[in-house]
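Q: What follows is a structure written as structure tokens; I'll ask about it next.
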Amino acid sequence: MKRISPLLKILIFSIGLILTFNTAIVAEKLAPELWRTEYHILKPNEPSDLSNLKSLDWIPFQGSLAFGFESQKVLVRVSYLGQTDKWEHSALYLENPVAYVDSITVFQWEEGKLFRMQDGDIYPKRKSIFSQHPYPLFSLDINSLKQNKEFYILYESLSNLFISPEIYDEGSILSEVFGVRDLFFIYFGIILIVFILNAILFGLTRNSSFLYYMLYVFTSFLYQLSFTGYAKIFLWPNSGKWNDQSMVFFGSIALVSVALFSIRFLVLQKRIPIVYQGIRIFIYLILTNAVISLVIRSIWNDPIVHVLGIITSLTLFGSGIYLLLKKLEIARFYVLAWTILLISILCFNFYALGILPDSILFRHAIQLGTIAEMLLFQFAIVDRLMKPKEETIITVEKESKQNSRTQRISNLNQDDLIYQINHILSEEKLFCDEDLNVNRLSTILGIRSDQTSALLNQKLGVSFNQLLSKYRIEEACKILKEDPSQNILTVAFAVGFNTKSAFYESFQKIVGKTPTEYKKSLNS
């Protein structure tokens, strides 16, 4: 455990270093008062080739529009309100600052004829105009705008439709492109550092919490690559169909991963069995939807995973709060992580609806929230592992000043405390928590850890570790009797062991057989 603290310092130092040398730039858009934007939702029978523009009803808007999961096409008209004879720009660029719109088509007139440009999820990676910029980006024709002050944008998407046409000149577009690049360099750099740190910590401790957390970090990394548009640029530049499906698929897997991590971290199977069963059902539903999204792409894939994600997230958040109120201290960072993530999701949606102003903080609230969540989950795991160690050191110092065991417990209600210990271990099944130790049990009982040890020795004739192993092995035998097909390693983790060798050693010592031999005896 002594090696964990320096590793955590390395994590914080690395993040600080990245933030110091990569400050994201907020680009200044052209004055919005020079541009008027209006939109019209095309009905199923209305053509999208701009052949009936005169008959359309236009609704003005400013900033952005969030249509949610809208399968119909939306046409946007952008009009320049300034004087073209005083034109100061040699180039203009149009950007929609999200990467998950399926198709965006820009229409301009050139010598009385319409020409079009296309970008979006379903198209291959663009070959020019800042080809490594993740958001749809178009170069507007200046001469066309001088002749006709209007141009049109057609939006189509089976995912969440977010419309925010933003116009930059040749100077500000560079700030936007490099600012976005630097921001996501920071973001993905932090995720990679967290992943590497957890791989090291798992190698040092062999604690399965780090393994489950690594799975969550890795799948979140893949999801965010798709969400931000970088997967299309660097991983599958010419696979438009897969790019369109990957966000739903990886988002589903990331959601399942955080659910599995939470089950393991909070030991929900034993502490809140009804919640554990509910989360398992949600996991199966999410995975089913993810597989279906690979075969059939429909308007329902994305909203289904969002609804299931909201229910699952709130359930896990509520479970953390419940256990925190039950004095489970390791839940504090866990609850804080979910709180910040849920706030960031609300901020992004309020920004998308135009309630919050356009800023780098709100536009990238989801990314900022996930980073904060990941770091707090990291602190939660390390806190869970290090706190018992620190308490043990303090306890050892105290024990040297104590009198004999008998004197330590002479003023305690010993029978009541023994009853509480058996109740906590047998009814609440706290022994299934792999990090349970004498210090945590003593905190629950409201006595010192040296008193707990003395009490167990005098009244039961066992040490704390012997008692803990007894309860864990009895529970393992019960699980194997009820379902002999259960995987032995799964059973070992379920009852609180974090290594296979420790489980086998304790099992043979208490039962007189190895787990494998015990399983065979059940089938005979």
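Q: Against the globular-protein guess of 2.2 N^0.38 Å, express the Cα radius of gyration of the stretch 213-252 as a ratio, rounded to two decimals.
A: This ratio for the stretch 213-252 stands at 1.10.
Q: Working from the alpha-carbon coordinates of the chain, get Rg over Rh, Rh being the Kirkwood radius. Let's see the in-between values first.
A: Working: Rg = 29.4 Å, Rh = 26.7 Å.
Rounded to two decimals, Rg over Rh is 1.10.
Q: Moving to a separate point now. Along its three principal axes, how long is the stretch 141-187 when you only count alpha carbons? Whole Å, largest extent first please.
A: 43, 33, 11
Q: What's the Kirkwood radius of the stretch 299-376 in Å, using all Cα pairs?
A: On the way: mean 1/r = 0.0735 Å⁻¹.
So the Kirkwood estimate lands at 13.6 Å.
Q: Compute the Rg/Rh shape ratio of the stretch 455-524: radius of gyration over Kirkwood radius, all on alpha-carbon atoms. The partial results should precede the final answer.
A: Values: Rg = 12.6 Å, Rh = 12.5 Å.
Reported Rg/Rh, Kirkwood definition of Rh: 1.01.
Q: Moving on to the next point. Among PRO60, PRO134, GLY112, pick out the residue whose Cα is farthest towards the positive end of the charge dipole of the stretch 46-144, where Lys and Arg carry +1 and Asp and Glu carry -1 on C-beta, about the Cα centre.
A: PRO134
Q: Moving on. By the gyration tensor of its Cα atoms, with a ≥ b ≥ c the square roots of the eigenvalues, what is the shape of the stretch 109-193: rounded for a/c under 1.5, prolate for a/b over b/c, or oblate? Could the numbers behind the result be given before it?
A: Numbers: a/c = 2.52, a/b = 1.72, b/c = 1.47.
Prolate is the answer for the stretch 109-193, as a/c is 1.5 or above and a/b outweighs b/c.
Q: What is the mean projected area of the alpha carbon convex hull for the stretch 69-137, to one decimal in square nanometres?
A: Details: hull surface 26.0 nm².
Averaged projected area of the stretch 69-137's Cα convex hull equals 6.5 nm².
Q: Could you check how many percent of all C-alpha pairs in the stretch 406-524 are farther apart than 16 Å?
A: 61 percent
Q: Using only the alpha-carbon atoms, how far is helix 500-511 inclined from the longest principal axis of the chain? Give it as 0 to 90 degrees, nearest 10.
A: The two axes meet at around 30 degrees.
Q: Over the chain, what percent of the accessible surface lies on carbon and sulfur atoms, probe 1.4 Å?
A: Values: 14670 of 24850 Å².
Of the solvent-accessible surface of the chain, carbon and sulfur hold 59 percent.
Q: So what are the ³J(HN,Hα) numbers for the stretch 217-233, from phi and the Karplus equation (6.51, -1.76, 1.60; θ = phi - 60°), rounded to whole Hz, Gly and Pro as x?
A: Result, ordered by residue: 5, 5, 5, 5, 4, 5, 4, 5, 4, 6, 4, 8, x, 6, 5, 5, 6 Hz.
The values are calculated or read from the model by the stated rules, or taken from the named source; none is laboratory data. Bear in mind the structure is a predicted one, so any value in this text is a computation, not a measurement. Note: ideal-geometry Cβ built from the backbone for every residue, glycine included; neighbour counts use all protein chains shown. Note: accessible area is taken over every heavy atom of the protein model, side chains too, but ligands, DNA and RNA are not part of it. Shrake-Rupley method; radii C 1.70, N 1.55, O 1.52, S 1.80 Å.
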